[in-house]
Amino acid sequence: MRTNKSDDDGDTMQQELPSRPRPSLMLGPEPKHLAPDDEDDALVFLRQALRHATEHLNEPEDEETRKAAVEELRVWALDQPHLNARTDEWSLTCFLRGCKYKQDRARKKMTNYYEIRSKVPEWFHQRDPTLPSLLDLLKLGVFLPLLRKDEEGRTVVLIRAVIHDPYKHKLSDVFKIGKMLVDLLLETDEIISIYGVFAVIDLSGVSLGHALQLTPPVIKKAVHAWQDCYPVRTRSMDFINAPIYVNVVLNIFRKFMNDKLKRRVHVHGKSLNSLHKVVSPSILPEEYGGTCGTLQELRDYWLEQAVSKRLWFLENEKHKADFGNTANPD
């Protein structure tokens, strides 16, 4: 059970961490993001995040009640053998948090998630990060979560949407890399399941070749994945270095978005000053006017992370809907 307590000296309130299995307790996916003397700050940050989950995501403060909610969702998932869903406590908790502990919404999102993994094989099959086509995109850094959270605890992801060569790289592989790294973040970083994602989409260097890759059916699938499938909130989508005609493309995206997501789309043009008003330079790489390392360091980090989790990616591919096995569909 989570409890609050203070010592006799009136120190700040501290929240005991639940005993359930958890991913990293650090500010980023790996403890090495923090110096040893930052570990206490990381634990304080996690306690604050857990309070946020209770206050804003309807996560039960009582551990017994929380576990009962997880078990209810697990029983339902086991009764849907065609989904081949993960039923471990952590995965189920992510879906419950993503749906504010509403069982009907969590069931719908889980169904969508495992179905899209089957229906869109070009994004979710053959997820071996050492394949030359994927390794090339990892080295380019098409999808780069920053190593520090923003002031609201959100995971800021730098999406360099047009850094690839449209005549060499498949757009489906670009999306695949993004989905792989989001799955990895959900597996390793508890904070993302609570505060969500702030996406910064860099359109610098966009060309006709890139535009031709982004057809309306692809856009529809992309929005469906963000909006209806993944158990993580997209808190903001901010476009930078956008060409003057960007709204022509964005209007296609908006066609498939719900009203809430539409309100979270922002265009900054080519002004880094505008971006810095919503993302602190203290967490951005130098190439984006920041002071937190370089793009090369980010590329190297996520390349190493993805390759080191190769077996996990391959094992996880089995978790997808089997439409030939619908003995107990919901």
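The values are calculated or read from the model by the stated rules, or taken from the named source; none is laboratory data. Since the model is a prediction, treat every value here as computed from it, not as a measurement. Every residue, glycine among them, receives a Cβ derived from its backbone with ideal geometry; neighbour counts consider all protein chains shown. The area values use the complete protein model at the heavy-atom level, side chains included, leaving out ligands, DNA and RNA. Shrake-Rupley method; radii C 1.70, N 1.55, O 1.52, S 1.80 Å.
Ordering HIS56, LEU43, ASN84 by Cα displacement along the dipole of the stretch 40-93 toward the positive end leaves ASN84 in first place; charges were set at the Cβ atoms of Lys, Arg (+1) and Asp, Glu (-1). Charges were assigned to the Cβ only: +1 to each Lys and Arg, -1 to each Asp and Glu. The resulting dipole of the chain about its Cα centre is roughly 1900 debye. With all protein chains in place and a 1.4 Å probe, the accessible surface of the chain carries 52 percent carbon and sulfur.
About its Cα centre, the dipole of the stretch 201-330 is roughly 600 debye, where the only charges are +1 on Lys and Arg Cβ and -1 on Asp and Glu Cβ. Taking 37 °C and 0.692 mPa s as the conditions, I'd like the Stokes-Einstein D for the chain in µm²/s, using the Kirkwood hydrodynamic radius from alpha carbon pairs. Answer, rounded: 157 µm²/s.
About the centre of its Cα atoms, the stretch 83-229 shows a dipole size close to 440 debye [charges on the beta carbon of Lys, Arg (+1) and Asp, Glu (-1) only; nearest 20 debye]. Towards the positive end of the charge dipole of the stretch 79-131, with charges on Cβ (+1 Lys, Arg; -1 Asp, Glu), say which of PHE95, ILE116, LEU131 has the farthest Cα. Comparing the listed Cα positions along the dipole, PHE95 ranks first. Based on protein heavy atoms only, the chain ends up with 47 Å² per residue of surface accessible to a 1.4 Å probe.
Which of the pairs LYS109/LYS149; LYS221/LYS277; LYS221/LYS255; LYS179/LYS309 have their Cα atoms more than 19 Å apart in this structure? Flagged as over cut-off: LYS109/LYS149; LYS221/LYS277.
Each helix, a run of at least 4 DSSP H residues, gives -39500 (n - 2.57); summed and divided by the residues of the chain, these come to -13500 deg cm²/dmol at 222 nm. Of the GluC sites (Glu not before Pro) found in the stretch 109-153, those that fall in a DSSP loop while having at most 10 other beta-carbon atoms within 10 Å are GLU151. Which Cα, out of SER172, SER308, TYR245, lies furthest along the positive dipole direction of the chain (beta carbon charges, K/R +1, D/E -1)? Selected residue: TYR245. Structural descriptor for the stretch 190-261: relative contact order 49 percent, calculated from alpha carbon pairs under 8 angstrom and at least 6 residues apart. For the chain, averaging the sequence separation of C-alpha pairs within contact (under 8 Å, six or more residues apart) and dividing by the residue count gives a relative contact order of 21 percent. Sequence-distant contacts, meaning Cα pairs under 8 Å at least 6 residues apart, place the relative contact order of the stretch 144-256 at 30 percent. Please report the net charge: other residues with Cβ closer than 13 Å to the Cβ of PRO217, K and R +1, D and E -1. Around PRO217, the surrounding residues sum to +3.
Within the chain, the longest segment free of exposed loop sites, counting trypsin sites (Lys or Arg not before Pro) that fall outside DSSP classes H, G, I, E and B and have at most 10 other Cβ atoms within 10 Å, spans 1-167. Taking the Cβ of ASP165 as the centre, find all other residues whose Cβ is under 15 Å away and add up their charges (Lys, Arg: +1; Asp, Glu: -1). Counting the neighbours of ASP165, the net charge comes to +2. Calculation over all alpha carbon pairs of the stretch 146-199 in 10 angstrom steps from 0 returns a P(r) of 22, 47, 25, 7 percent. Please give the residues of the stretch 168-195, grouped as numeric ranges, whose backbone N is less than 15 Å from a label point set 7 Å along the Cα-to-Cβ vector of HIS56. Backbone N within reach: 191-195.
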